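The values are calculated or read from the model by the stated rules, or taken from the named source; none is laboratory data. In this text the structure is predicted, and so the values were computed from the model without any measurement. So basically every Cβ, Gly included, is an ideal-geometry build from the backbone, and we count neighbours across all protein chains shown.
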Amino acid sequence: FGVLTTDTIEQAIERAGTKAGNKGAEAATTAIEMVNLLRKLEVRE
C-alpha cells in the first residue's frame, strides 16, 4: 500500500508508473484473480 505525495499532477502521473507500467492496476487485477481462484477452490471442498 502506498500513497504518492507530489507537488503537481504531472509528477503524480510520472511517479504512478508511466514508464514501468501502472503497478496499482496490476496489484488490483492480481487481487481480483486471487479472490476468483479462492472462490473456485471453496466450491470443490
Restricting to the range 7-27, give me the number of residues that are in a loop (DSSP other than H, G, I, E, B) and either in contact with a Lys or Arg (Cβ under 9 Å, 6 or more places away or on another chain) or β-branched (Val, Ile, Thr) (or both).
4
Residues of the range 1-24 that turn out to be modelled with pLDDT of 80 or more and among the small types (Gly, Ala, Ser), as a count:
1
